[in-house]
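Below is one structure, written out as structure tokens; the observations come after it.
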Amino acid sequence: MATFGDTLFLLAAFAVLLVLVGTFAWKPVTKIMAERQDKIDSDLDYADQTRQDAQKMAAQREAELKSSKEDAVKIVSQAKENGEAQRQQLVANAQAEVTKLKANADKDIAQQRQDALNAAQKDVASLSLAIAEKLIAKELDPAAQQTLIDQYISELGDANGSH
Amino acid sequence: MNESYPVVSFMGLRFNLANDLAILISCILIFALVFWLARKPTLRPNGRQNVLEYLIDFTNGIVKQAMPGKEGNRFGLFAFVLFLFVWVNNQLGLFLQLDVGGKTWLRSSTADPIITLSLAMMVLVLSHFFGVVFNGTKGYLREYVSPVAFLLPINLIENITNFVTLALRLYGNIYAGEVLLLLIRQLAFSGHGLLGGVSFIGGFAIEVIWQGFSVFIGTIQAYIFVTLSTVYTSEKVISD
């Protein structure tokens, strides 16, 4: 019982099924699968790239942190040095000032003392001269002498500016 | 299922309507299933799409085993449709068998040797065709005298045995399964009275078990059919 009709029917049906499945199922789904494959590939590439960038940036940041730490240490030590130098400068200045002041004061004191001594000498000399004048002028009159003495003394007091 | 089929003659060709009906139904079933599974495919696959993609990956895997290179891309769709077609036709008769007026109108079409021979012929003609497409006529003909010339008769015989074994392996498995289904069914309805009840229950249980096993056999045979088809194709397509 040769039924070649079945063979033809099978081939025709299979061909139609092949075309229909290919058009309506195979093509869209395999396209989506290929797209997904591409997307996964690109996503993986992107992730790789991002990871490398992040590593680079982390390394850079670390280097910067290290250099800034060194900078900070340098700045602090410099500031310390500066402060020390300034302090010593100030101390030296103050000492010099004090020394100068002390020397000036000593000089002033000595000067004043000298002045006072000179003034006293002058006063004593002029006073002695005045007393000698008065003594010579009123020698013969003891009473007058006495009043004279009192007078001189009071004058003396006036001259000294005690009144 | 019995051995009497509705046959019509048309333009000198004889059509076995049981085969044609089974082929038609299986084609409609396959297309409906695949069309439904492939509706609105998205980049993030949903449930239906996953099923279809799994099937596609499965048949693509079969193809890639035989043809790892880019030649395999040509045969993905063919292997996919062939697998679904053979598989559905293997299973159809397990669940749907229709006998009207003493004639079988519906059963697995792969239980008929003419159908399996037609499928095998289609596969092998395609393999020879693509052998010429990929390797040129010279390369295709050289395959018959390689590795040495005196193997020519063996190579020729191999082509015929490939064709026959591919068809008859499938036919034998499915036909035997369906015959046994029929025998178990006849056993289930054979007794009368109390014995009839016992034989019905026993026959029913055995029928269910055998159906389950036949589903397994039908799946394995569909896998084997597609695998061997791609292997035979790769022998022609990939030149050594």
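Only the coordinates and a few stated rules stand behind these numbers; no lab work does. Computed from a prediction, not measured in an experiment: that's the story for all the values here. As a convention, Cβ positions derive from the backbone with ideal geometry for all residues, glycine included, and neighbour counts pool all protein chains shown.
So what are the ³J(HN,Hα) numbers for segment B:209-225, from phi and the Karplus equation (6.51, -1.76, 1.60; θ = phi - 60°), rounded to whole Hz, Gly and Pro as x?
With coefficients 6.51, -1.76 and 1.60, one gets 4, 5, 4, x, 5, 5, 4, 4, 4, x, 5, 4, 5, 4, 4, 5, 4 Hz.
Apply the Karplus parameterisation 6.51 cos²θ - 1.76 cosθ + 1.60, with θ equal to phi minus 60°, to every residue of segment A:78-83 and state each ³J(HN,Hα) to the nearest whole Hz, in sequence, with x for glycine and proline.
Running phi through 6.51 cos²θ - 1.76 cosθ + 1.60 with θ = phi - 60° gives 4, 4, 4, 4, 4, x Hz.
Based on the Cα coordinates of chain B, what is the per residue volume of their convex hull in Å³?
Working: hull volume 40.8 nm³, N = 240.
Spelled out: Cα convex hull of chain B, divided by residues, is 170 Å³.
Pick out, from A:Asn118, A:Ala105, A:Leu156, the residue whose Cα sits farthest towards the positive end of the charge dipole of segment A:1-158, with +1 on the Cβ of Lys and Arg and -1 on the Cβ of Asp and Glu.
Final value for the positive-end residue is A:Ala105.
Do the alpha carbons of any pairs in A:Lys80/A:Lys100; A:Lys39/B:Lys64; A:Lys31/B:Lys70 sit beyond 20 Å of each other, and which pairs? Provide the component values of the computation, followed by the final result.
Working: A:Lys80/A:Lys100 30 Å; A:Lys39/B:Lys64 23 Å; A:Lys31/B:Lys70 17 Å.
Pairs exceeding 20 Å: A:Lys80/A:Lys100; A:Lys39/B:Lys64.
What order, most packed first, do the peptides B:79-92, B:145-158, B:168-181 have when packing is the mean number of other Cβ atoms within 10 Å of each residue? Write down the numbers at each step before the final one.
On the way: B:79-92: 24.9, B:145-158: 10.4, B:168-181: 19.5.
Peptide ranking by packing, descending: B:79-92, B:168-181, B:145-158.
State, to one decimal in nm², a quarter of the convex hull surface area for the C-alpha atoms of segment A:72-128, i.e. the direction-averaged projected area.
Average of the hull's projected areas for segment A:72-128 equals 3.5 nm².
Compute the distance from the alpha-carbon center of segment B:58-79 to that of segment B:165-211, in whole Å.
Using only Cα atoms to place each centre, the spacing works out to 37 Å.
Per DSSP H run of at least 4 residues, take -39500 (n - 2.57); add these up for the protein assembly as shown, divide by its residues and hand me the 222 nm value, nearest 500 deg cm²/dmol.
Working: 9 runs with 321 residues, N = 403.
Helix contribution divided over all residues of the protein assembly as shown: -29000 deg cm²/dmol.
What list of ³J(HN,Hα) couplings, whole Hz, do you get for segment B:135-142 from phi and the Karplus terms 6.51, -1.76, 1.60, once you set θ to phi - 60° and write x for glycine and proline?
Computed from phi, the couplings for segment B:135-142 are 10, x, 4, 4, x, 5, 6, 5 Hz.
Could you give the Stokes-Einstein D for segment A:1-73 in µm² per second, using the C-alpha Kirkwood radius, 20 °C, 1.002 mPa s? The partial results should precede the final answer.
Details: Rh = 18.0 Å.
So the translational diffusion coefficient is about 119 µm²/s.
Over all Cα pairs of the protein assembly as shown, how is the pair count split among 20 Å bins, expressed in % and running from 0 up to the last occupied bin?
Binned Cα distances yield the sequence 17, 29, 13, 7, 6, 6, 6, 7, 7, 3, 0.
I need two numbers for segment A:25-160: Rg to one decimal and Dmax as a whole number, Cα atoms only, in Å.
Computed over the Cα atoms of segment A:25-160, radius of gyration and Dmax are 51.9, 166 Å.
Regarding segment B:51-113, what's the average projected area of the Cα-atom convex hull, expressed in nm²? Spell out each step's value before the answer.
Numbers: hull surface 22.6 nm².
Computed as one quarter of the Cα hull surface, the answer is 5.6 nm².
For segment B:28-161, taking Cα atoms only, what is the radius of gyration to one decimal and the Dmax to the nearest whole Å?
19.5, 58
Counting other C-beta atoms within 10 Å, which of B:Glu71, A:Glu97, B:Glu143 has the fewest, and how do the rest follow? Show your work: numbers first, answer last.
On the way: B:Glu71 17, A:Glu97 10, B:Glu143 14.
The fewest-first ordering by Cβ neighbours comes to A:Glu97, B:Glu143, B:Glu71.
Hey, got the average number of other protein chain Cβ atoms within 10 angstrom for residues in B:108-116? Please list the in-between numbers first.
Numbers: counts 0, 3, 0, 0, 2, 0, 8, 5, 1.
Per-residue shielding by partner chains comes out at 2.
Let me know the mean shielding of A:26-37 by other chains, meaning the per-residue number of their Cβ atoms within 10 Å of its Cβ.
For this peptide, the per-residue mean of nearby foreign Cβ atoms is 5.
Just want to confirm a number: the relative contact order over segment B:1-146, from Cα pairs under 8 angstrom separated by 6+ residues, in percent.
Numbers: 128 pairs, mean separation 43.0, N = 146.
29 percent.
Relative contact order of segment B:1-58: what whole-number percent is it, with Cα pairs under 8 angstrom and at least 6 residues apart? Show your work: numbers first, answer last.
Numbers: 26 pairs, mean separation 10.5, N = 58.
Once divided by the residue count of segment B:1-58, the mean separation gives 18 percent.
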